[in-house]
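Notes follow the structure.
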Amino acid sequence: MNSIIMSLAGVFGLLGVATAAYSAHGSADARLTSAVALILLAHAPALIALAGHLSRSRIVAVAAILMALGAGLFSCDVMLRAVGQSGLFPYAAPLGGSTLMVAWFTVIIAGFLRPRSS
């Protein structure tokens, strides 16, 4: 699981930088593509941090999965709309954003839980 989360963080970082460049140098809707870059670049290091704590508890794994899913849904939907497509499915971006909020709340909960004993 750790390697999957780390790889997703790398994908988010790579796509975040690429989207930021696209936003600065040719996007038809820089407002939307900048939002995508922000979400991806903010959550890439968060996923790296969570990957380092996966052994702490299962709730950290839940937070990481929710974070990856939420950022992916939001970013894919908004990017599709920015390039003139119809999006993933109705309300995909709000669902992704809501999932991100649940992920961050899960991180808060994980902070108050005792780590698993080895």
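Since every read-out is calculated from the coordinates, none of them should be taken as a lab result. Please read all numbers here as calculations on a predicted model, not as lab measurements. For neighbour counting, all protein chains shown are included, and Cβ atoms are generated from backbone atoms with ideal geometry for every residue, glycine included.
Going 7 Å from the Cα of D29 toward and past its Cβ, which residues in the stretch 59-83 have a backbone nitrogen under 16 Å from where you end up? Counting backbone N atoms under 16 Å from the label point, the list is 74-83.
Only four residue types carry charge here, +1 at the Cβ of Lys and Arg and -1 at the Cβ of Asp and Glu. Report the dipole size of the chain about the Cα centre in Debye, rounded to the nearest 20. It would help to have the intermediate numbers written out before the result.
Numbers: 6 positive and 2 negative charges, 86 e Å.
Computed charge dipole of the chain: roughly 420 debye.
In order along the stretch 55-70, phi translates into HN-Hα couplings of 6, 5, 6, 5, 5, 5, 5, 4, 4, 5, 5, 4, 5, 5, 5, x Hz, rounded to whole numbers, per the Karplus curve 6.51 cos²θ - 1.76 cosθ + 1.60 with θ = phi - 60° and x for Gly and Pro.
A crude spin-label estimate for the pair I108 and L41, with each label 7 Å from Cα along the Cβ direction, gives 2.7 nm. Note that the stretch 86-92 has calculated 3J(HN,Hα) couplings of 8, x, 6, 6, x, 6, 5 Hz, one per residue in order, obtained from phi through the Karplus relation 6.51 cos²θ - 1.76 cosθ + 1.60 (θ = phi - 60°); glycine and proline are x. Counting 0.36 nm for each residue step from S57 to M6 and taking away their Cα separation leaves a gain of 16.6 nm. Between the stretch 18-36 and the stretch 81-118, what is the C-alpha centre distance in whole Å? About 22 Å separates the Cα centre of the stretch 18-36 from the one of the stretch 81-118.
Taken over the stretch 49-98, the ratio of Cα radius of gyration to 2.2 N^0.38 Å equals 1.39. 3J(HN,Hα) along the stretch 21-26: 5, 4, 4, 7, 10, x Hz, from the Karplus curve 6.51 cos²θ - 1.76 cosθ + 1.60 with θ = phi - 60°, whole Hz, x for Gly and Pro.
Between H53, H25, H43, the Gaussian network model of the chain with springs among Cα atoms under 10 angstrom shows the greatest mean-square fluctuation at H25. The mean of 1/r over all distinct Cα pairs in the chain, once inverted, gives the Kirkwood hydrodynamic radius of 14.6 Å. Extending 7 Å from Cα along the Cβ direction at M101 and again at Q85 yields two label points whose distance is 2.6 nm.
Highest mobility in the GNM of the chain, judged by mean-square fluctuation with C-alpha springs under 10 Å and restricted to G70, G26, G52, is found for G26.
Loop-resident trypsin sites (Lys or Arg not before Pro) (DSSP state other than H, G, I, E or B) in the stretch 31-118 with no more than 10 further Cβ atoms inside 10 Å of their Cβ: R116.
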